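Student: Here it is, the structure, as structure tokens.
The values are calculated or read from the model by the stated rules, or taken from the named source; none is laboratory data. Remember, it's a predicted structure, so these values are computed and weren't measured experimentally. Reconstructed Cβ throughout: ideal geometry from the backbone, glycine too, with neighbour counts over all protein chains shown.
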Amino acid sequence: MYCNQHLPNVITILKTLHEKTNVCLCVCVFGVEPPPEGSGWSQLELAAVILVPSCLVCVGVILGMCAVQNLRCNHIKAHKQDPEEPLDDQTLVSPDKCLKELIYDMSTSGSGSGLPLLVQRTIARTIVLQESIGKGRFGEVWRGKWRGEDVAVKIFSSRDERSWFREAEIYQTIMLRHENILGPTSLSFESRENNGSWTQLWLVSEYHEHGSLFDYLNRYTVSVEGMIVLALSIASGIAHLHMEIIGTQGKPAIAHRDVKSKNILVKKNGTAVIADLGLAVKHDSNTNTIDIPINHRVGTKRYMAPEILDDSINMSSFESFKRADIYSLGLVFWELARRCSVQGIYEDFQLPYYDQVQSDPSVDDMRKVVCEQKLRPNIPNQWQSCEALRVMGKIMRECWYANPAARLTALRVKKTVSQTMVDVRQRNVVCKSKLVFLAKLCADCGFLALFFLQF
């Protein structure tokens, strides 16, 4: 038939193309009417008729594959989690754990570095700030909600980044975990964009509704046993900070450098935790060096030890910083003891040296009172009538020595207060026993009186 009269020529062309290009071409030849007789189609024209449609089909296939791949990539991007957006709580955070348990699990997993950054971001971005509960030179403290749990959020401004970084670094120290230190047991920190204009730096911790010891003592008085419980927990926290733990999972000795009633929080059970480690220094016993932070902040002037006020402190000796903490600890004990109610008698809350300096004293003001005049807060005479207050007064005096080397250590303070606690509780047991005996005796006497009245 005429429709196949040029087929041999087409096959010859395809064979030639296959030999030169090593490309397999498959062409189905249907009933295409050949050119008229004498048209004189050359082999090149026949090749063009075959190759042009083939090339168009190949280009179409390639474009189709590209379009499908592009749609696939867009779909993946659309469903991929943005690292800056909070992940689903169930993905990173166990739904049945509170913040304290979560951070404890993470911080004791072996690295000692606390929560992974992605988990920190997830927690921080799902916290709802409720109310401001305090302000200071570093920024603000807010009460927030995370999964219905109250948390405290300490917000630093971007200009206080050093303070924020330093405190976060100290909190992540291995083996810092202690019941009387607000540390890795309850820490998450994160940065946030505030309206796209600046960065806020966050430290997230457990929320203690009583607030600081300063706030607590302003509102309430304490019993003798309550005073001893608070004093013992404060001394225990400072002692743990000052203590070095040797070992692969050890802890360096740490000095707080800003011990005061506003940096101590009161828990529901009546004990206290040490907070605000932004000025703390760590001691490396292997190299005998101190990592003093480069920070524009200084300790609170009212609580500064004499050697800091007159610049005689030995900055190269770590013991100097520990002894300065002890001086400040004695002032905190003085604030606490004033609010101890014994037979309904107690003192109003006052800050140390309230009767010697103004509300915001300068370093010169404090140096004049503490170093030159060598004054210390007054210890009332009536404290001698209560054994616990008498012991507390003795501890204070031994914390306030002008000679730093003569001051008590944190461990000695802890042991003395602990023994006082034992004595107070034993005395309470004896008193209760006497009361029970007297009550029984009165009941017996009443029974005998009724018996004789019958006659």
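Student: Under 8 Å between Cβ atoms, which residue pairs at least 6 apart in sequence (or on different chains) link something in region 355-370 that is of a type in the set (S, T, N, Q) with a partner that is assigned to a loop (DSSP other than H, G, I, E, B)?
Tutor: Hits for this filter: Q356/L375.
Student: Moving on. For region 402-419, which positions are among the β-branched types (V, I, T) and either free of Cβ contacts under 8 Å to residues at least 12 places away in the same chain or in a helix (DSSP H, G or I) (or both)?
Tutor: V413, T416, V417
Student: Turning to a different aspect of this structure: Consider region 220-237. How many of its residues are over 22 Å from the mean Cα position of the chain (by Cα) and surrounded by 23 or more Cβ atoms within 10 Å (Cβ to Cβ)?
Tutor: Of the residues in that region, 4 qualify.
Student: Ok, one more. Which one of C371, C399, C340 is modelled with pLDDT of 95 or more and in contact with a Gly (Cβ under 7 Å, 6 or more places away or on another chain)? I'd like the intermediate steps shown before the answer.
Tutor: Numbers: C371 fails: in contact with a Gly (Cβ under 7 Å, 6 or more places away or on another chain); C340 fails: in contact with a Gly (Cβ under 7 Å, 6 or more places away or on another chain).
Going through C371, C399, C340 in turn, just one is modelled with pLDDT of 95 or more and in contact with a Gly (Cβ under 7 Å, 6 or more places away or on another chain): C399.
Student: Of the numbered conditions (1) modelled with pLDDT under 80; (2) aliphatic (A, V, I, L, M); (3) more than 13 Å from the chain's Cα centre (by Cα), V128 satisfies every one except a single condition; which is it?
Tutor: V128 satisfies all of (1) modelled with pLDDT under 80; (2) aliphatic (A, V, I, L, M); (3) more than 13 Å from the chain's Cα centre (by Cα) except (1).
Student: For region 316-326, state whether one or more residues are surrounded by fewer than 19 Cβ atoms within 10 Å (Cβ to Cβ), over 25 Å from the mean Cα position of the chain (by Cα), modelled with pLDDT under 95 and in the same structural domain as C386 (by TED's automatic domain parsing).
Tutor: Yes, some residue in region 316-326 is surrounded by fewer than 19 Cβ atoms within 10 Å (Cβ to Cβ), over 25 Å from the mean Cα position of the chain (by Cα), modelled with pLDDT under 95 and in the same structural domain as C386 (by TED's automatic domain parsing).
Student: Turning to a different aspect of this structure: Of everything in region 377-401 that's within 35 Å of the chain's Cα centre (by Cα) and not in a helix (DSSP H, G or I), which residue is farthest from I228 (Cα to Cα)?
Tutor: Within region 377-401, the match that is farthest from I228 (Cα to Cα) is Y401.
Student: When you go through R302, R297 one by one, which is the residue that is modelled with pLDDT under 90, over 19 Å from the mean Cα position of the chain (by Cα) and not hydrophobic (A, V, I, L, M, F, W, C)?
Tutor: Only one candidate passes the filter, namely R297.
Student: State the number of residues belonging to region 298-307 that are part of a helix (DSSP H, G or I) and either surrounded by fewer than 24 Cβ atoms within 10 Å (Cβ to Cβ) or not assigned by TED's automatic domain parsing to the domain that holds P380 (or both).
Tutor: Residues of region 298-307 part of a helix (DSSP H, G or I): 301-303, 306-307.
Retained after the next criterion (residues that are either surrounded by fewer than 24 Cβ atoms within 10 Å (Cβ to Cβ) or not assigned by TED's automatic domain parsing to the domain that holds P380 (or both)): 301-302, 306-307.
Qualifying residue count for the region: 4.
Student: Also, I was wondering about something else. Considering region 267-287 alone, what residues qualify as being of a type outside the set (A, V, I, L, M, F, W, C) and touching a residue at least 12 places away in the same chain (Cβ under 8 Å)?
Tutor: Within region 267-287, the first condition is being of a type outside the set (A, V, I, L, M, F, W, C), and the residues that meet it are 267-271, 276, 278, 282-287.
The answer is K267, K268, G270, T271, D276, G278, K282, H283, D284, S285.
Listed here are the residues, each with its yes/no results for (1) surrounded by fewer than 19 Cβ atoms within 10 Å (Cβ to Cβ); (2) out of contact with any Gly (no Cβ under 8 Å at 6 or more places or on another chain); (3) in a loop (DSSP other than H, G, I, E, B).
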site	(1), (2), (3)
S205	no, yes, no
N218	yes, yes, no
T248	yes, yes, yes
N269	yes, yes, yes
K282	no, yes, no
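Student: Follow-up question, since we're still on this one. Out of (1) among the hydroxyl-bearing types (S, T, Y); (2) in contact with an Asp or Glu (Cβ under 8 Å, 6 or more places away or on another chain); (3) buried (at least 21 other Cβ atoms within 10 Å of the Cβ); (4) more than 13 Å from V332 (Cβ to Cβ), what's the single condition that is false for S261?
Tutor: (4)
Student: Continuing with the same structure: Does region 405-415 contain at least one residue that is of a type in the set (D, E, K, R) and over 33 Å from the mean Cα position of the chain (by Cα)?
Tutor: No, region 405-415 contains no residue that is of a type in the set (D, E, K, R) and over 33 Å from the mean Cα position of the chain (by Cα).
Student: Just for region 325-375: of the residues that are charged (D, E, K, R) and part of a helix (DSSP H, G or I), which one is farthest from L277 (Cα to Cα)?
Tutor: Per the stated criteria, the residue is E372.
Student: Would a scan of region 221-239 turn up a residue that is assigned to a loop (DSSP other than H, G, I, E, B) and outside the structural domain of L176 (by TED's automatic domain parsing)?
Tutor: Scanning region 221-239 turns up at least one residue that is assigned to a loop (DSSP other than H, G, I, E, B) and outside the structural domain of L176 (by TED's automatic domain parsing).
Student: Identify, please: which residue in region 151-180 is in a strand (DSSP E or B) and over 16 Å from V273 (Cβ atoms) and is, among those, modelled with the lowest pLDDT? First the steps, then the outcome.
Tutor: Our first condition is that a residue be in a strand (DSSP E or B); within region 151-180, this holds for 151-156, 178.
Now narrow it down to the ones that are over 16 Å from V273 (Cβ atoms): 153, 155-156.
On the way: V153: 87, I155: 84, F156: 80.
The qualifying residue modelled with the lowest pLDDT is F156.
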